[in-house]
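What follows is a single structure, written as structure tokens, with notes after it.
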Amino acid sequence: FAAKRELLNVFLTIPQDRIIIVDPMGEYAPLVRRLGGQVIEIAPDSPHHLNPMDVELNMAAGESPLSMKADFLLSLCELVVGGKEGLQPIEKTVVDRCVRLVYREQALGLDTGKTPLLQDLYEELLKQPEPEARRVATALELYCTGSLNLFNHPTNVKTDSRVVCIVLKNMGENLRKIAMHITNEFVSQAVDTNFREGVATWCYFDEFHVLLRDPLTASYFVAVWKMLRKKGCVSSALTQNVKDLLASREIENILDNTDFMILLSQAQSDRAILARQLGISEHQLSYITHSNSGEGL
């Protein structure tokens with residue numbers, strides 16, 4: 001509720017700013033619809049699609065959009081392939097080569113250069129001589145021509161709407177990690193575009209502990225979090241359970257890069273953790289012990 005109230009304040013008082021919400025439980029969708037925003041539901045049976053291969057090639061000098069995209073697609077393939085080791089050095093090289101081939105026409109500015117789909121990367125991998133390429137391609141097949149092909153379509157939603165809410169409610173465990181990874185990429189690209197246009201972005205990541213559950217998405221998200229701050233983005237992470245959140249090794253990096261926190265009423269065990277982690281005194285803790293709605297620290 002505190003987040004929704006702040007979001008409304010931003011919407012009404014700073015008309016040029018944009019708002020993005022990552023909403024794993026679908027709690028913000030009714031509000032966003034009332035504000036005339038775009039609700040993007042990502043689910044196997046949803047008509048809404050975000051293409052993870054979307055890329056903005058006219059970036060500011062000093063940044064290489066293709067290298068950043070290759071980085072993202074490498075980590076995506078790593079999530080898809082799974083296992084303890086993830087991608088081996090040869091596989092990384094092969095994926096990187098295929099990414100560059102897939103974007104070649106677009107990078108050269110040719111008229112034929114349309115935005116590729118995951119399937120283009122999959123087909124490019126199959127053309128490579130190395131057996132490692134086939135292994136990655138086989139893992140990707142499920143998300144291209146298999147039953148989980150929801151990310152193998154062109155983007156068909158208004159991603160430049162003033163308020164965008166991405167709902168990840170109806171996701172199985174397999175798809176959730178990948179959906180969150182692709183969502184983070186979408187958020188960082190949108191923030192980057194807004195930054196170049198001189199517009200600030202307000203981002204809200206609800207059920208934040210879910211993002212940090214998997215080591216790979218967690219470490220990628222820490223990089224995103226640091227980048228967001230530099231790009232004129234006010235990013236807020238929301239979570240119900242401090243215990244779940246602090247179980248992630250990456251959280252310290254995020255806490256160190258956070259200037260402002262709101263603590264509402266907390267359970268006994270969570271209070272002890274917070275006191276230790278944030279150096280809060282006994283007197284300050286009294287504000288988050290059995291406090292009323294809307295009261296806290």
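Within region 222-232, is even one residue part of a loop (DSSP other than H, G, I, E, B) and either closer than 20 Å to ALA3 by Cα or within 15 Å of the chain's Cα centre (by Cα) (or both)?
yes
Give the residue, chosen from ILE182, ILE178, ILE166, that is touching a Pro at 6+ places or on another chain (Cβ under 6 Å) and either of a type in the set (S, T, N, Q) or buried (at least 18 other Cβ atoms within 10 Å of the Cβ) (or both).
ILE182 is the lone residue from the list that is touching a Pro at 6+ places or on another chain (Cβ under 6 Å) and either of a type in the set (S, T, N, Q) or buried (at least 18 other Cβ atoms within 10 Å of the Cβ) (or both).
If only one of VAL94, VAL99 is out of contact with any Asp or Glu (no Cβ under 8 Å at 6 or more places or on another chain) and crowded, with 20+ Cβ neighbours inside 10 Å, which one is it?
VAL99
Residue check: is ARG271 touching a helix residue (DSSP H, G or I) at 6+ places or on another chain (Cβ under 8 Å), of a type outside the set (A, V, I, L, M, F, W, C) and part of a helix (DSSP H, G or I)?
So ARG271 passes the test.
Report every pair of residues separated by at least 6 positions or lying on different chains whose Cβ atoms are under 7 Å apart, first residue within region 201-229 and in contact (Cβ under 8 Å) with a residue 12 or more places away in the chain and closer than 22 Å to LYS84 by Cβ, second polar (S, T, N, Q) and crowded, with 16+ Cβ neighbours inside 10 Å.
Listed pairs, sorted by first residue: LEU211/THR217; LEU212/SER248; LEU216/SER75; ALA218/SER248; TYR220/SER75; TYR220/ASN184; PHE221/ASN184; VAL222/ASN253.
Determine which member of the set GLN277, GLN266 is polar (S, T, N, Q), open to solvent by less than 50 Å² (accessible area, probe 1.4 Å) and over 14 Å from HIS209 (Cβ atoms).
GLN266
Tell me which residues, restricted to region 115-160, are among the aromatic types (Phe, Trp, Tyr) and either touching a Ser or Thr at 6+ places or on another chain (Cβ under 9 Å) or free of Cβ contacts under 8 Å to residues at least 24 places away in the same chain (or both).
The answer is TYR122, and nothing else.
Test GLU130 against the stated conditions and say whether it is modelled with pLDDT of 90 or more, of a type in the set (D, E, K, R) and buried (at least 17 other Cβ atoms within 10 Å of the Cβ).
Spelling it out, it is not the case that GLU130 is modelled with pLDDT of 90 or more, of a type in the set (D, E, K, R) and buried (at least 17 other Cβ atoms within 10 Å of the Cβ).
Give region 185-206 a look and list any residue that's among the acidic types (Asp, Glu) and open to solvent by less than 30 Å² (accessible area, probe 1.4 Å), or say none.
GLU185, ASP192, ASP206
Condition first: among the hydroxyl-bearing types (Ser, Thr, Tyr) and closer than 19 Å to SER161 by Cβ. Now tell me which residues in region 194-235 satisfy that.
THR201, TYR204, SER235
Looking at region 155-167, which of its residues are over 15 Å from ALA179 (Cα atoms) and either in a helix (DSSP H, G or I) or of a type outside the set (Lys, Arg) (or both)?
Matches in region 155-167: ASN156, VAL157, THR159, ASP160, SER161, VAL163, VAL164.
The values are calculated or read from the model by the stated rules, or taken from the named source; none is laboratory data. A quick note: this is a predicted structure, and the numbers were derived from the prediction, not measured. Here the Cβ is made from the backbone with ideal geometry for all residues, glycine too, and neighbour counts use every protein chain on show. When the accessible area is computed, the model is the full protein with side chains, heavy atoms only, and any ligands, DNA or RNA have been set aside. Shrake-Rupley method; radii C 1.70, N 1.55, O 1.52, S 1.80 Å.
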